Amino acid sequence: MTATTLNLIEQVSSKKKKLNKSKNRKKTWRKHIDLTGIEAALEQQEEDERLGCLGEVTSNFMYLDTGDGAADSTKENRPEDDQTAKKKLPTLRLEYTVDPKTGLKATDRPKSDKLIPELQLLAGLPGSKGPFKQSRFREKDTFLHQVQQKTRHSKNRRTAHKALVKAANSFSTTKSSRKIIKSKQKLSFDKNLWSEAPAPSREDELSAEAITHMKLSLGQQPINNRSSKIKCKNIPAVPLPHPGLSYNPDLGSHQKLLAKAVKSEMSRSKQAKYTNDMRTCDYPKGAEIVDNIETIRDMEGVHANTPAIKEEPMEDEDEASVPAEARKMDRRTHAQRLKYRRHHEALRLAKHLKDKKKRENAILRAAEIQRELDEEDAKKQRVAEKKARAQRKKALKPPKTFVESKDVEVALSSELRDNLRCVQPTSNPVLERYTHLYRRGLLYSNARTRVYQRKGAINSMRKVVNRPGYERLTEKDFEGPHDVTARPLKRAPKKKL
Amino acid sequence: MGRPRNMKKKGEAGEAARFISRSRAVRKLQLGLQAFNRVCIIKGIFPIEPKNRIKAQKGDSKYRPLYLKKDIKFLMHDPLIWTIRQEEALRKKLAKARHLRDGYKEQLVKRNKPIYRLEQNVLERYPTFVDAVKDLGDPLTMIFLFCNIEVRPPIYEHHVSRCQRLKIEFLTYVIEASCLTKAFITTKGYYYEVEIMGHNIVWTAPHNCVTEVPPNADMKIMRHFLEFYIAMLGFVNFRLLGKVDLRYPLKPKVMPRLKGAEKKDLDNLKNLMASLNYPLEKTTEESEENLDDNETTSKLIKGSSEKTQKVYAERMQAEARRKLFSGLKFFLNPECNRESLTLVIRSCGGEVSWPSTVFPCSTYKEDDQCITHQIVDRPNFDKKYLTRFYVQPQWVYDCLNAVTLKPCQPYLPGCPLPPHICPFLKNFEGWYIPPEEEDLRKLLAASPEEKEALLKEMAAAEQKKLAMLRAVNEKSDDESGSEDDDDEDKYDEDENDESDEEKDEEVEEDGDDAVNEADASMEVDDGEGNNKEEEKKDDGKEEEIKDVVRRGKERFYSKKKDESKEERTDTRMRTLMIHKKNRKLYHKLKTKETKRLRRSSMLKDRREALELHKIGKISDEQLEGPPKTKIKQTFSERRAKLYQSRVRSAVRFARSAANKNRFRGEKKKPAIADTRDE
């Protein structure tokens, strides 16, 4: 037999083997089954149920849990290599043997769902009860416990905390249990936060005597570590009170504080008056009067009051226009003169007509602009009214941004009481705290509160922007004749600030 | 043709790249404005004023709150943001469920609200305990403020109850450590100062009434601040109470026997702690040590130099403050502020009690014979017991501030009280110091042996004053009977007084500068005792002048004048040495100083005049000056005045920045304005 034939035979035989494999898997399953052990266990169980007695007791199987020694006994049985066994499994107790399916009773330790190894075989069979299931709350507790144990080993505290919170949120528990956990989480301050401080500050280390010694010897205070991240502002957290603020002040300091208050009030009222004046009119007080009036006044006067221009005799005009010497030199015929006169006359007429039209156009344009301005004024007034209405409404509502209160608050001498019992607070402490936070730049930066004052001028905080709402007319507009209706008014482009 | 390679694009470097506007930051963090505020407050990131606002805002001149870009990047990776985002998502779900009236879903959503703790943030902001202690002023004021605030959303009941708990914890620490140094009652509220680990912490507490929530303040922001401060103070309290060996959370040492409904009510238990007068459970047993320390130090100090004495004076004073009320028993009447007074008295080693109807934990009754002081705040009070002093509450605070037991006579109920002086003393140059404050300063500087003598002196001076007043009153009664006889004598007295005053003025005129005048006026005189001293001084000066008179020319020569001259030349030279830029500022400061000095001297003069008026040495006219009469102006004067005012306003306007901006580029004015006028 050649090698090829042998190979063929092998192939065929292998194929045959595969083909011969039974399709019914049950058969194979039954082939290798051995139910003797299970049957024996079942019988034993039945016996137990019937008779109510324990099975065989061995020294390894049962022991009494006596606190600390319990863990040692489990250590002996535990295989070393198995990693799964490293997890803290529940210790086997007497209760398990008495009532093996109820895993838990009055013990505080976390319990697992695992059954006794002898009874593990029963799991999944018809008729046998499933493993003990814990309540939701307990489940969560065990989970939390496990997570907490993990966190102890983990280096990063933040991640551990995150995991804890995540685990807590992943469960949906009953309301009461949830409440308990919440209260534990938020309101438990019984923890020394600064216990693991990296480096204790110098003052902690030094005793009082050492500090005094340093003061004596060096004449300086020991320098503190500036480790805080945030730079503190110059304004203190709680400003020290003025002596005049006392409920029973001495005369001098009270007078001083009063004077201070009056001064600040006066300056504020002065400023308010100035800003109000600014708001009421479009142009500030003392604005220069426009000089370019005369041109338009003349034109209007011509149009309205004075009659049409008297037509003077042409000769005079002609004579006036032509100098005497030229007249002597230029001796023309009558026909020539006539022609010349007619030509001039035509020119003059054309010019006159042109002027007339120009004037009319200008006046028309002025009237147009006037109308537009009136409209704009009316519009402005409407807007102003609307604004005022809105402001009136706004005053009732709490504003979005902060409104600064008075700087100095003093009780007048008539308001001061003899008894401490009758003292009434002058200001609202909440508002005061809020304003203080504002002043320290914790809400907004302090830019708005600054007011620069120059000599002889009060600069208001309001910004005055010169933004004309209409087109400015120049001399060019009055030059050429043009149709008012054809050319629309140009608006000045908005300036960027 | 582009820009050169070395040049950077606009807005990529410098101020513009450092800052980010708030709206941008909010968008970047994917949060709402309120949530952003909350994160910033918890993490301690606040807007910063740039050096050049327009550059930082990339050419925009409108005001915008700016944050550092670095800070916002730091915020982006914070785990707190995730919880806040989750909360926002849950809020939306909750709103939806409420709208659909799905109760079950609402409950579910509420249950899943994320929990977060702020301990990590507290640690970040205050890496050491001392840092946290230094910054205690803010949280304390906030928490004391929210203890009796009106409950209205967004402030809820649990906020108030938490604040009350923290407040009680801190006050018990202050009592146990007896570290209260100052207390001051103002019209705004109470100011306290405490010394913890060598740091002085000041905080305020409002008066005993419910504070209303103002419409101007944004309470949501205040709530965020409060949230952080609650967490911070909680951890600080734990550490502080641990230092005094007290159990945390606080627990009464012996549980009282309560019956039925009383047992169930938790307030009964809370009130034990809130009374600040009930013994509490301790972690370790008390050990009586370091009792003799003070004695040994005092012995050591006696033999040591002045320098060491100065250094140890503070420590000695603190020790004296601790034992100020030791051995004294106080009884508070119901109208007094129980909490504040128990804090002050118990931190100074005293014992307190009150009527049992006012608050629980009253240790003894009113008829106890051992009571030394009863604090009363009503003018008409029937005194029953002769064995005790009846005092107004101000006495307790004044004693604490002066670190001495002050005489009780001026503080008796119904008496006009002496002024309550601010213990936060200011040491500016030229600051007006009223005589009462001067007394306080003297008392604080003196040693315990000197204090007694000082108190005696003060009492004697006051008695003299009273005697003078009485005499004046009697005189005035007599005058009504026989006016003519005594008139001449009185005039004589007045003349004498005037001559004395003139002398004083002459002395003051020696120094031409206002500064010197003020220096002279700074020598405060109390009543008559000090006047005598002044007279003595004056005599001494005259003697000096006589000695130095030279032959030849008649010329008075005094040392003081010479010194002042030298000083003036010195200052002039110094000002010349200053740089031109700074000289202006220097002059400004100098003028301010002189103004202040003038003001203080004026106040002092006024005060003296008033006191003299009380005794009767000065008449009303002299005090107030002659009655003012209105001067009639002529028409031309009035017109000139009006004209001047108009000119002034025009000039002011022309100078103002607004006007400059307005007519910058325009030479000719619009022609339309005149048509409008017509």
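Express the carbon and sulfur contribution to the solvent-accessible surface of the stretch B:119-274 as a percent, rounded to the nearest whole number, probe 1.4 angstrom. Percent of accessible area from carbon and sulfur atoms in the stretch B:119-274: 49. Expressed per residue, the C-alpha convex hull volume of the stretch B:318-424 stands at 102 Å³. Got a sec to turn the phi values of the stretch B:231-246 into Karplus ³J(HN,Hα) couplings, 6.51 cos²θ - 1.76 cosθ + 1.60 with θ = phi - 60°, whole Hz, x for Gly and Pro? Rounded to whole hertz, the list is 4, 5, 5, x, 5, 5, 4, 4, 5, 5, 5, x, 5, 9, 6, 9. Model label sites at A:Asp355 and B:Ile48, defined 7 Å from Cα along the beta-carbon direction, differ in position by 7.3 nm. The gain in end-to-end length when the B:Glu450 to B:Leu623 segment is fully stretched comes to 58.5 nm, 0.36 nm per residue minus the alpha carbon separation. For the stretch B:342-355, 3J(HN,Hα) computed residue by residue from phi via the Karplus equation (6.51, -1.76, 1.60; θ = phi - 60°) reads 5, 4, 5, 5, 5, 6, 9, x, x, 10, 10, 8, 8, x Hz, glycine and proline entered as x.
Once the Cβ-Cβ distance between B:Leu425 and B:Lys614 is put in as r, and R0 is 25 Å, what FRET efficiency do you end up with, to the nearest 0.05? Each step should come with its number before you reach the end.
Working: r = 27 Å, r/R0 = 1.06.
The calculated FRET efficiency here is 0.40.
With both labels modelled 7 Å from their Cα along Cα-to-Cβ, the A:Asp377 to A:Glu265 distance reads 4.1 nm. With a simple spin-label model that places each label point 7 Å from the Cα along the Cα-to-Cβ direction, the separation between B:Glu593 and A:Arg439 comes to 2.6 nm.
Our summary gives the stretch B:15-111 a relative contact order of 32 percent, counting only alpha carbon pairs under 8 angstrom and 6 or more residues apart. Rolling a 1.4 Å probe over the heavy atoms of the protein chains gives the stretch B:15-111 an accessible area of 59 Å² per residue. Exceedance of the 22 Å cut-off in Cα-Cα distance is limited, within the set B:Lys561/B:Lys584; B:Lys105/B:Lys220; B:Lys8/B:Lys43; B:Lys92/B:Lys220; B:Lys182/B:Lys456; A:Lys263/B:Lys584, to B:Lys561/B:Lys584; B:Lys105/B:Lys220; B:Lys8/B:Lys43; B:Lys182/B:Lys456; A:Lys263/B:Lys584.
Near B:Tyr390, the amide H atoms lying under 5 Å from its own belong to B:Gln374; only residues 5 or more places off or on other chains count, and H is placed 1.01 Å from N.
Treating r as the C-beta distance of B:Trp82 and B:Gln107 and R0 as 22 Å, the FRET efficiency rounds to 0.40.
Taking θ as phi - 60° and the Karplus parameters 6.51, -1.76 and 1.60, the scalar couplings of the stretch A:245-256 work out to 7, 4, 6, 9, x, 7, 4, x, 5, 5, 4, 4 Hz in sequence order, x denoting glycine and proline.
Computed packing ranks the peptides B:231-237, B:409-415, B:145-151 as B:231-237, B:145-151, B:409-415, most packed first, by mean other Cβ atoms within 10 Å. For the interface of chains B and A, what total accessible area is buried with a 1.4 Å probe, rounded to the nearest 100 Å²? The contact between A and B buries close to 11200 Å². Histogrammed with a bin width of 10 Å, the alpha carbon distances of the stretch B:15-111 distribute as 15, 37, 24, 15, 8, 1 percent, first bin at zero. Averaged over peptide B:110-122, the number of partner chain Cβ atoms lying within 10 Å of each residue's Cβ comes to 4.
Take B:267-274, B:390-397 and order them by the average number of nearby Cβ atoms within 10 Å per residue, most first; the result is B:390-397, B:267-274.
In the neighborhood of A:Lys339, defined by Cβ-to-Cβ distances under 12 Å, what is the net charge if each Lys or Arg adds +1 and each Asp or Glu adds -1?
Within the 12 Å Cβ shell, the charges total +3.
Using a 1.4 angstrom probe on protein heavy atoms only, which residues from the stretch B:44-80 are buried by at least 50 Å² of accessible area when all chains are present rather than their own chain alone? Residues passing the criterion (a loss of at least 50 Å², heavy atoms only) are B:Phe46, B:Pro47, B:Glu49, B:Tyr63, B:Pro79. Averaged over the residues of B:234-243, the number of partner chain Cβ atoms lying within 10 Å of the residue Cβ comes to 3.
Here r is the Cβ-Cβ distance between A:Leu416 and A:Glu368 and R0 is 51 Å; the resulting FRET efficiency, rounded to 0.05, is 0.15. Within the accessible area of the stretch B:318-424, the carbon and sulfur atoms contribute 53%, probe 1.4 Å, all protein chains present. Per residue, the stretch B:119-274 exposes 39 Å² of solvent-accessible protein surface, assessed with a 1.4 angstrom probe and all protein chains in place. Per residue, the Cα convex hull of the stretch B:119-274 amounts to 137 Å³.
The mean count of C-beta atoms from other chains within 10 Å of the C-beta of residues in B:136-143, rounded to a whole number, is 3.
The values are calculated or read from the model by the stated rules, or taken from the named source; none is laboratory data. As the structure is a prediction and not an experimental result, all values here were calculated from the model. Every residue, glycine among them, receives a Cβ derived from its backbone with ideal geometry; neighbour counts consider all protein chains shown. Note: areas computed on protein heavy atoms with side chains; ligands, DNA, RNA excluded. Shrake-Rupley method; radii C 1.70, N 1.55, O 1.52, S 1.80 Å.
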